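What follows is a single structure, written as structure tokens, with notes after it.
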Amino acid sequence: MSAAIASLASYGSDSDSENESESKTSIEKVDPDHPDATAHLKPLQSGPTMSLAVLNSAPEVAVKEAVETGIHLDPSLKEVTYNPTYETMFAPEFGPMNPYKSQQMSAPRNMLSGYAEPAHVNDFMFEQQRRTFSTYGYALDPSVDTHEASSCSYIGAVEEAEKNKGLTVFESGQKKPEKRKKVKGGDAGEIDNFLGPWAKYVDEKDVAKPSEEEQKELNEITAKRQKKGRNEDEAPGEEKTILHVKEMYDYQGRSYLHVPQDVGVNLRSADAPDKCYLPKKQIHVWSGHTKGVSAIRLYPRSGHLLLSCSMDCKIKLWEVYGERRCLRTFIGHSKAVRDICFNNSGTQFLSAAYDRYLKLWDSETGQCISRFTNRKVPYCVKFNPDEDKQSLFVAGMSDKKIVQWDIRTSEVVQEYDRHLGAVNTITFVDENRRFVSTSDDKSLRVWEWDIPVDFKYIAEPSMHSMPAVTLSPNGKWLACQSMDNQILIFGAQNRFRLNKKKIFKGHMVAGYACQVDFSPDMSYVVSGDADGKLNIWDWKTTKLYHRIKAHDKVCISALWHPHETSKVITCGWDGQIKLWD
């Protein structure tokens, strides 16, 4: 670059010296008035010239006046070369500046025509005024209180509003009700007095009326019909009891509720036998029920007595040891008895029957202490096992509710109404703080005591109804008889999860609520089935170990005696109760 500049400089100096010599000679010879006389003074234009590009590194700076006038920034600009003022940044793009516009209002519009302020307007009122304005040209002024109606409370065609008395589209469209023409036979309101089309031709003297005797007969017939129309069983069945033994008390004044101590087993002990064995043969049959047996329950703790309820409407109390006699029959239900439940001491028990009554009985005297009903069929009944809550019991009803009664007041004190079908079972778990219920809605719900909202709801698409549930002796598991011919095991602590490793199959129970039970040492699971068979599974392997033909009809319940190693009691719809060992 420097060499090029030097050559240009030398070239320029040579040409200047030549021009000077030529000018000197030309001054002498040429006329100064000649047009070419001054040609030598013009710059020499010979050959191509080289021009250098102009570079301006200084940034463009806005004129002070332009900044102060508050010209709005172009929203498409990506770069600003000066510090614009607040007014410049928020100046309107079109039209004058809105003096009431705040920074918040300058945010993007919320509708096409601008920003619409939210207002609490009844949809119907708005539509009414809009239609009125489009039809008649006037509407109520929204800024004026509507209670102060006057000519100034309208906008638009105020004269039209005064003429129409401010009627809206809906009001003005209504026609005044015309007076109805009287129809032959009178007005519709007088229909009670209408005697028919021939009334004017009939003389009251000629009307046939029943005599006094006939009227009495008619009244009796109508009264009977009304009774039939109502539920025949509204009045509870008359309660009575039959004692089947000669003496109610022994020589020491003890009743049959006294726990015997000469049966070879310590029935007062709370400990379960160490090892249980499979029952092999039938050793006794209790017969006395004339129809199928619905449920059997052992006397609490000792198990020396057996309570049974049947479809023959009767409840019977049997001896498990000694002569195994029928001790007492309790009669008081007018329809089949569905469920029974002892209290903790065994001195009282509850019965639930299809006559819609729950009855509390005295186990020793056979007296009916009280009765409860809410006009629905009770499907299951349970005393609260807590010692301080022995006056409370719950019953699962046909109307999807679990109802809690207080024995002392005979009043309903709580209702658990969450199931979608009739409630089949109630089982207390977790040291009696909670209870589990199953229903025809194919779900299992867990409730806190006295809180009418279920805190756990278990329902899977694959689940079936589970009409029989039993708690294991260790309180950890719930055995549920499922209607798909399986016994499902749910955890009874905290999570209530299905134990998929413990599923007991191989029996037919679909359609029947066959009661399940555990052996006292938790080594076996027993259940009846629809064929009248007693099925025994191994708890650990879930294998079906043993099957006995126990009853001619459905074997509806199986109980393993809590103090015996191999004694199982079964009952069936053939009306018999059997003892196996």
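Criterion first (more than 45 Å from the chain's Cα centre (by Cα) and either open to solvent by 30 Å² or more (accessible area, probe 1.4 Å) or without any contact (Cβ under 8 Å) to a residue 60 or more places away in the chain (or both)) does residue 287 satisfy it? Yes: the conditions hold for residue 287.
For the range 234-257, the count of residues that are within 46 Å of the chain's Cα centre (by Cα), of a type in the set (Asp, Glu), under 28 Å from residue 565 (Cβ atoms) and open to solvent by 40 Å² or more (accessible area, probe 1.4 Å) is zero. Among the residues of the range 537-558, which ones are closer than 20 Å to residue 469 by Cβ and either hydroxyl-bearing (Ser, Thr, Tyr) or surrounded by fewer than 21 Cβ atoms within 10 Å (Cβ to Cβ) (or both)? Answer for the range 537-558, where residues must be closer than 20 Å to residue 469 by Cβ and either hydroxyl-bearing (Ser, Thr, Tyr) or surrounded by fewer than 21 Cβ atoms within 10 Å (Cβ to Cβ) (or both): 539, 542, 557. When the criteria are applied in full, residue 510 fails the requirement of being open to solvent by less than 20 Å² (accessible area, probe 1.4 Å) and either of a type in the set (A, V, I, L, M, F, W, C) or at pLDDT below 95 (or both). When each of 473, 520 is tested for being surrounded by fewer than 17 Cβ atoms within 10 Å (Cβ to Cβ) and in contact with a Pro (Cβ under 6 Å, 6 or more places away or on another chain), the lone residue that passes is 473.
Contact map, the range 247-262: residues that are modelled with pLDDT of 90 or more paired with residues that are open to solvent by less than 50 Å² (accessible area, probe 1.4 Å) and not in a loop (DSSP other than H, G, I, E, B), Cβ distance under 6 Å, separation 6+ or inter-chain. Pairs shown: 256/327. Scanning the range 333-364 for residues that are among the hydroxyl-bearing types (Ser, Thr, Tyr) and within 16 Å of residue 396 (Cα to Cα) yields 351, 354, 357. Count of the range 561-578 residues, restricted to those that are over 14 Å from residue 265 (Cβ atoms) and open to solvent by less than 30 Å² (accessible area, probe 1.4 Å), is 8.
I need the full set of residues from the range 324-349 which are within 12 Å of residue 311 (Cβ to Cβ) and open to solvent by less than 50 Å² (accessible area, probe 1.4 Å), in order please. 333, 336, 337, listed by residue number.
Being closer than 26 Å to residue 338 by Cβ, among the aliphatic types (A, V, I, L, M) and in contact with a strand residue (DSSP E or B) (Cβ under 9 Å, 6 or more places away or on another chain) is a condition met by at least one residue of the range 490-504.
Selection of first residues in the range 109-132 that are touching a residue at least 40 places away in the same chain (Cβ under 8 Å) and within 14 Å of residue 170 (Cβ to Cβ) and of second residues that are open to solvent by less than 100 Å² (accessible area, probe 1.4 Å) and in a helix (DSSP H, G or I), restricted to Cβ pairs under 7 Å at least 6 apart or on distinct chains, gives the following pairs, ordered by first then second residue: 128/169; 128/170.
Scan the range 350-397 residue by residue and report those that are open to solvent by 10 Å² or more (accessible area, probe 1.4 Å), small (Gly, Ala, Ser) and in a loop (DSSP other than H, G, I, E, B). Across the range 350-397, the qualifying residue is only 391.
Residue-by-condition table, conditions (1) under 30 Å from residue 161 (Cβ atoms); (2) modelled with pLDDT of 75 or more; (3) open to solvent by less than 100 Å² (accessible area, probe 1.4 Å); (4) in a helix (DSSP H, G or I):
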residue: 67; (1), (2), (3), (4): no, no, yes, yes
residue: 79; (1), (2), (3), (4): no, yes, no, no
residue: 83; (1), (2), (3), (4): no, yes, no, no
residue: 87; (1), (2), (3), (4): no, yes, no, yes
residue: 91; (1), (2), (3), (4): no, no, yes, no
residue: 97; (1), (2), (3), (4): no, no, no, no
residue: 107; (1), (2), (3), (4): no, no, yes, no
residue: 118; (1), (2), (3), (4): yes, no, no, no
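Listed here are the strands (runs of 3 or more DSSP E) enclosed by the range 398-468 that have at least 3 residues being loosely packed, with under 15 Cβ neighbours inside 10 Å: 411-416.
Yes or no, residue by residue, for (1) closer than 30 Å to residue 137 by Cα; (2) modelled with pLDDT of 80 or more; (3) open to solvent by 100 Å² or more (accessible area, probe 1.4 Å); (4) among the basic types (Lys, Arg):
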site	(1), (2), (3), (4)
186	no, no, no, no
195	no, no, yes, no
198	no, no, yes, no
202	no, no, no, no
207	no, no, no, no
210	no, yes, no, no
220	no, yes, yes, no
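Consider residue 296 carefully, then state whether it is part of a strand (DSSP E or B) and either farther than 21 Å from residue 320 by Cα or in contact (Cβ under 8 Å) with a residue 60 or more places away in the chain (or both). Yes. Residues of the range 265-284 that are open to solvent by 80 Å² or more (accessible area, probe 1.4 Å) and outside any strand (DSSP E or B): 266, 268, 270, 271, 274, 275, 277, 280, 281.
The values are calculated or read from the model by the stated rules, or taken from the named source; none is laboratory data. All figures in this text were calculated on a predicted structure; none of them were measured in a lab. Cβ: placed from backbone, ideal geometry, glycine included. Neighbour counts: every protein chain shown. Keep in mind that these areas ignore ligands, DNA and RNA; they rest on the heavy atoms of the full protein, side chains included. Shrake-Rupley method; radii C 1.70, N 1.55, O 1.52, S 1.80 Å.
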